[in-house]
Every structure is written in structure tokens, then in C-alpha cells.
1. If R₀ is 25 angstrom, what is the calculated FRET efficiency for the pair F73 and E165, using the beta carbon separation as r and rounding to 0.05?
2. Taking Rg and Dmax of the Cα atoms in Å as the quantity of interest, determine which of [x] 19.5, 57; [y] 22.5, 76; [z] 19.0, 63 was computed from the displayed structure.
3. Among A133, T259, G202, whose Cα sits farthest toward the positive end of the charge dipole of the chain (+1 at Cβ of Lys/Arg, -1 at Cβ of Asp/Glu, about the Cα centre)?
4. How large is the dipole of the chain about the Cα centre if only Lys and Arg carry +1 and Asp and Glu carry -1, each at its Cβ, rounded to the nearest 20 debye?
5. Within the chain, which is the longest segment containing none of the trypsin sites (Lys or Arg not before Pro) that sit in a DSSP loop and have at most 15 other Cβ atoms within 10 Å?
6. Out of the range 128-235, which GluC sites (Glu not before Pro) are coil in DSSP terms and have no more than 11 other C-beta atoms within 10 Å?
7. Using θ = phi - 60° and the Karplus form 6.51 cos²θ - 1.76 cosθ + 1.60, what ³J(HN,Hα) does each residue of the range 90-104 get, whole Hz, x for Gly and Pro?
8. Report the extension gain between R142 and E232 in nm, rounded to one decimal, defined as 0.36 nm multiplied by the number of residues separating them, less their alpha carbon distance.
Amino acid sequence: MKRKLGFSFVFMLFFLTVVPSLSRAAKKRGPIILGIGGGYSFFIDPGLRTYEVYHPKLIYLSEQLNMRNNFNFHVQYFPWHGFGFQLEFDHQIASYNSDLKWYGHPTPDGKIIEINHIEEPYKETWSMSSVTASILYALTLRYNVKIRPYISAGIGYYFTGGDVERFYYKSRLGPEKSGNLVKLGLGVKYQITPKVGINLKGVGGTVWRREYGYGEIMYVGPEQFDYLIYAETGKIVRLEKLSVNSFTYLGIILSLEYTF
């Protein structure tokens with residue numbers, strides 16, 4: 001965790017100190033753009049969207065993790081023609097559906113420990129917020145100067161919010177609430193007036209959690225939760241090996257922009 005925090009802090013410090021210096025060195029100051037908008041995102045990994053486990057006399061588990069609408073605010077600065085920098089804030093709303101009936105737990109010697117922990121199905125809301133620093137490259141089309149397609153690439157830091165026992169401990173996202181992310185974007189800007197424009201972009205992000213890499217959970221055996229913790233505290237806690245290390249998502253965002 002300390003390494004993740006340090007990495008994000010160093011990158012943000014570099015972005016906020018070096019970039020303004022480069023900007024002052026530019027011969028002509030480019031536009032500063034403020035944008036605000038919203039959109040929708042979804043997980044790529046199908047095992048995160050829907051996950052079901054059923055073993056007679058042992059466990060029935062059905063989970064759904066869904067991203068929904070998000071809010072986006074960004075600041076862009078173009079010190080050179082077509083080349084710029086962006087600092088953005090995203091707040092993503094998401095949901096977690098759970099239906100659990102844990103009847104028993106298998107032991108290494110083949111016996112079954114009776115549990116009979118039965119929950120009513122419920123839906124929990126959680127969120128993921130992030131701050132990302134990106135590099136932008138925009139291209140002006142010769143046949144229409146109002147349209148500017150662009151690409152972006154950046155790195156940032158995220159943190160999540162939600163109920164600890166009903167979401168973090170139980171879901172495949174696990175108890176870790178923050179980490180680093182990488183985000184790529186492909187979009188197009190349309191300038192309505194010299195000052196006002198709209199920005200439509202598609203984004204893809206990879207969230208790094210306990211370790212780097214993509215982590216799809218394939219195991220659907222009966223041992224989904226830590227029985228020792230349940231026996232001591234009565235809490236339902238996911239086995240550590242069944243929490244994803246990272247996940248990837250796609251989204252689309254529509255923003256209104258104002259140019260200074």
C-alpha cells in the first residue's frame with residue numbers, strides 16, 4: 001500500500017511541477033479548457049458482472065457487480081498546437097447484488113461442518129472515485145476545423161466507498177479500498193462556438209489492486225468464504241485468494257466544455 005501511495009504521489013508531483021514549467025517555455029500560450037459531464041461504464045470481465053456458485057447441501061451464491069452512471073470533471077491545457085495535458089476527476093456509481101445461502105463447509109478429511117447461514121437477497125450501492133493525469137493529442141481536420149478527434153493516456157489514483165461488511169468483505173473486489181489505475185481514451189471534440197464545445201469520448205481503465213496484472217476469478221467451488229473468521233466473529237469474509245488482483249472496465253462520457 002505504501003508503495004502504491006508513493007508511486008501515485010511522485011507522479012502527481014511531477015505532473016503538477018514539471019508541466020507548468022514546460023508550459024511557460026512555450027512561445028504561445030494555448031487554450032485552457034474546463035469540462036463537466038457524465039456517462040456510463042461497465043466491467044469487461046464477465047466473472048465480475050455475474051458470479052454464481054451452487055453445491056447441494058453446501059452453498060448457494062449469486063453475485064452481480066455493475067458499474068452505472070458516472071460524473072466527470074476535467075481541466076485541459078494545450079501549450080502546443082494539438083498537444084496538451086489533462087487533470088480529471090471521476091466519480092463512478094456502482095451496485096452489488098448478493099444472494100447467499102451457506103449451508104455447510106467441507107473439511108480436508110471429507111466431513112461437512114453445518115452452518116445454515118441464510119441471508120435475504122439484497123442490493124448494495126458502492127462507488128469508485130479517481131484522479132487521473134493524462135497526456136492529450138488532438139488533430140484538427142482540414143475539411144472541418146470544428147471537429148477535433150484526439151487520444152489520451154494517463155495514470156492516476158482511485159479510492160472506493162461502500163459498506164464494509166455487506167460489500168468489501170463479501171465481494172470479489174475484496175477489502176482493499178484504493179490503488180493505482182491506468183486510463184486510455186479515444187474521443188472527438190466539436191466546437192459549437194469559439195468558447196463552447198462538446199466532448200464525446202470512450203475510455204478504458206485498468207485498476208491495480210493487491211498486485212499488478214489482470215485477475216479473473218474462475219474458481220466456483222464450495223469454499224468461497226473464510227470459515228475460521230466466521231466461526232470466531234460470525235462475519236462473512238471472502239477468502240483472500242478469491243479476491244481479484246485487478247479489473248478492467250470500459251465507458252463512455254459526454255461533456256460540455258468551455259475554453260478560456
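1. 0.20
2. [y]
3. T259
4. 1700 debye
5. Maximal segment without exposed cleavage sites: 58-110.
6. E211
7. 10, 10, 9, 8, 9, 9, 9, 9, 9, 9, 10, 9, 9, 8, x
8. 25.5 nm
Throughout, read-outs are computed from the coordinates displayed, never taken from laboratory work. Note that the structure is predicted; figures quoted are calculated from it, not measured. Every residue, glycine among them, receives a Cβ derived from its backbone with ideal geometry; neighbour counts consider all protein chains shown.
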